[in-house]
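Worksheet for the structure shown next.
The values are calculated or read from the model by the stated rules, or taken from the named source; none is laboratory data. For clarity, every value in this text was computed on a predicted model and none was experimentally measured. When we count neighbours, we look across all protein chains shown, and the Cβ atoms used for this are built from the backbone with ideal geometry, even at glycine.
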Ligand SMILES: Cc1cc2nc3c(=O)[nH]c(=O)nc-3n(C[C@H](O)[C@H](O)[C@H](O)COP(=O)(O)OP(=O)(O)OC[C@H]3O[C@@H](n4cnc5c(N)ncnc54)[C@H](O)[C@@H]3O)c2cc1C
Ligand SMILES: Nc1ncnc2c1ncn2[C@@H]1O[C@H](COP(=O)(O)O)[C@@H](O)[C@H]1O
């Protein structure tokens, strides 16, 4: 089985978000970039398929050279090869088209993406890839087993979960639950050394126009100070009469 | 030319997000001088959609569609959009909406923007405001394609009454359920879900252990609220993963969010920031949550919460 894990390179969850150039560009100053958390769960599940079922695992990112340390980290965790499509990721649709091309060229059976990236929050790239490559698609995936050509996936739904049967080729939008938090791996020295000599292919992008374009960012308005109360009657009063939420 | 809106229902009953989506679609239609066509899959009482501004409802009914199937639903919405020559398609940013929207977008070769919080600033160019960086910022984004798919954020626009007479037409698109098949559903039907809840009561590590969750559940029960928790609480197995909210958990966009024994880490706040009113109960006045909340009580959850539950019961009894 050939697996491709799509890796989005995102600001660490502790990052303060600021913009430059008249609020048109994300300010990367002092920001640490990481593997998108949802993708890390997917990558870790892919490692299981590699170790238990002999799958080969590639990782791919659509982005500039600055994303290579993130791809190297994925290699250090255990992926076999990395692919970077050398273009700026501008919108979900164009990223999905680039990745769909990588998938067609590489003949992957299973594509693992994240439910959403924590920067763009598009929640769209895996679904678009599935449609573009004519693959089955399961979003919000919290469990995945593959036997031959058959897949059993568990999907989180509002208030519960759903078990689905499908087949390869399959694309999933994964999240926590695919593996547990405690299963996540911190790359060890050996992994980091090995990662240096693993292939990281840089591919030229195909022609794919962005269909949406950010014109301006905006930060949420600063909020008023908290109202502290010292008894529950006052709180109920405020929630009823002032906030009108109960 | 109309604005097509997908209206989510469960067991035939339209969800509040469907009412909100129709209200929003009506807002866009007014800006563009056109009308709203709703697509309803196995929905009862579709007349109701007229209350929020739909002037036409395409009714699709088929028992094959009783359980949600992203491929089939997306295909239906795309066919409706083509039939209506829609320029704008509105889908909510719910879990199911987010599952199907990218498929609709590819089908229609349409640019898609989710988590949209307001009416477009202009419809030509078509520019929408949406939350990014998990509620830490907004982006104003232009959708440049001929057809636009807009994912409406929950509880951001609101529900507006706009009585319109509805023309109902039964719609028989080709239904292709693809090869993803639901084999079983495991769902608590007696509980309010985080996605649908108007009020969410959430507990953190300050509650010390799973044996104390009765406090949270009792309070949630009086309020008709859903229960949620911080990430470490689900990581330690005190509560199921499905209750984990925050940047890497479920998003919360309720009217009221009550955080009990939660410090207010940046990752937690990001995920719940779209909630309208936030209340924090914490022993530590320096807890960061106090900077992000509207109302707060500095106090011990084990004292404050039972009192709050008791007084709310009395309040509810009086105001019933
Ligand atoms: C990549 C990444 C992603 C993350 N994603 C998320 C996420 O999605 N959601 C999330 O929640 N966290 C997330 N976190 C974790 C986050 O950083 C915090 O560690 C977590 O939110 C803290 O949980 P807590 O507030 O329950 O616990 P703590 O930080 O331990 O806080 C407990 C609070 O309870 C108070 N307290 C103690 N006793 C009492 C009492 N008797 N009565 C009242 N109050 C009391 C304390 O004063 C304290 O403020 C993430 C972290 C990382 C690194
Ligand atoms: N630039 C990118 N390169 C590779 N994968 C990506 C990229 N952007 C998004 N993805 C994948 O798509 C998922 C959802 O991203 P998004 O649609 O941006 O929320 C991510 O979790 C990744 O798996």
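Here B:192, B:201, B:150 are screened, and the one residue that is closer than 30 Å to residue B:318 by Cβ and at pLDDT 95 or above is B:201. Residue count for region B:264-320 satisfying the condition of being crowded, with 20+ Cβ neighbours inside 10 Å, within 8 Å of ligand 1 (Cβ to nearest atom) and not in a strand (DSSP E or B): 8. Looking across region A:37-79 at every residue that is in a loop (DSSP other than H, G, I, E, B) and touching a helix residue (DSSP H, G or I) at 6+ places or on another chain (Cβ under 8 Å), the one that is farthest from ligand 1 (Cβ to nearest atom) is identified as A:55. Scanning region B:206-223 finds no residues that are farther than 21 Å from residue B:94 by Cβ, within 12 Å of chain A (Cβ to nearest Cβ), near ligand 1 (Cβ under 9 Å from one of its atoms) and modelled with pLDDT of 95 or more. Right, residue A:177: at positive phi, facing another protein chain (nearest Cβ under 9 Å) and under 20 Å from the mean Cα position of the chain (by Cα) or not? The answer is yes for residue A:177.
Conditions (1) part of a helix (DSSP H, G or I); (2) in contact with a helix residue (DSSP H, G or I) (Cβ under 7 Å, 6 or more places away or on another chain), marked per residue:
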{"site": "B:71", "(1), (2)": "yes, yes"}
{"site": "B:77", "(1), (2)": "yes, yes"}
{"site": "B:81", "(1), (2)": "yes, yes"}
{"site": "B:91", "(1), (2)": "no, yes"}
{"site": "B:96", "(1), (2)": "yes, no"}
{"site": "B:100", "(1), (2)": "yes, yes"}
{"site": "B:103", "(1), (2)": "yes, yes"}
{"site": "B:115", "(1), (2)": "no, no"}
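Examine region B:175-186 for a residue that is more than 13 Å from chain A (Cβ to nearest Cβ), surrounded by 14 or more Cβ atoms within 10 Å (Cβ to Cβ) and more than 16 Å from ligand 2 (Cβ to nearest atom), and state whether such a residue exists. Yes, the conditions are met somewhere in region B:175-186. Could you tell me which of the residues B:214, B:206 is more than 16 Å from ligand 2 (Cβ to nearest atom), more than 28 Å from residue B:16 (Cα to Cα) and either crowded, with 21+ Cβ neighbours inside 10 Å or not assigned by TED's automatic domain parsing to the domain that holds residue B:313 (or both)? After ruling out the rest, the residue left standing is B:206.
Residues that are within 13 Å of the chain's Cα centre (by Cα), within 10 Å of ligand 2 (Cβ to nearest atom), crowded, with 21+ Cβ neighbours inside 10 Å and within 14 Å of chain B (Cβ to nearest Cβ): does region A:42-59 have at least one? Checking region A:42-59: at least one residue is within 13 Å of the chain's Cα centre (by Cα), within 10 Å of ligand 2 (Cβ to nearest atom), crowded, with 21+ Cβ neighbours inside 10 Å and within 14 Å of chain B (Cβ to nearest Cβ).
Annotation note: of A:24, A:90, A:20, the sole residue that is surrounded by fewer than 21 Cβ atoms within 10 Å (Cβ to Cβ) and either within 13 Å of ligand 2 (Cβ to nearest atom) or away from chain B (no Cβ under 14 Å) (or both) is A:90. Of the residues making up region B:225-246, just one is surrounded by 24 or more Cβ atoms within 10 Å (Cβ to Cβ) and on the phi > 0 side of the Ramachandran plot, namely B:246. Here B:89, B:149, B:128 are screened, and the one residue that is in contact with a strand residue (DSSP E or B) (Cβ under 6 Å, 6 or more places away or on another chain) and away from every other protein chain (no Cβ under 11 Å) is B:89.
Here's the yes/no breakdown for (1) touching a strand residue (DSSP E or B) at 6+ places or on another chain (Cβ under 7 Å); (2) touching a residue at least 60 places away in the same chain (Cβ under 8 Å); (3) away from ligand 1 (no atom under 16 Å from the Cβ); (4) under 16 Å from residue A:5 (Cβ atoms):
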{"position": "A:87", "(1), (2), (3), (4)": "yes, yes, yes, no"}
{"position": "A:104", "(1), (2), (3), (4)": "no, no, yes, no"}
{"position": "A:108", "(1), (2), (3), (4)": "yes, yes, yes, yes"}
{"position": "A:112", "(1), (2), (3), (4)": "yes, yes, yes, yes"}
{"position": "A:119", "(1), (2), (3), (4)": "yes, yes, no, no"}
{"position": "A:123", "(1), (2), (3), (4)": "yes, no, no, no"}
{"position": "A:136", "(1), (2), (3), (4)": "yes, no, yes, no"}
{"position": "A:140", "(1), (2), (3), (4)": "yes, no, no, no"}
{"position": "A:144", "(1), (2), (3), (4)": "yes, yes, yes, yes"}
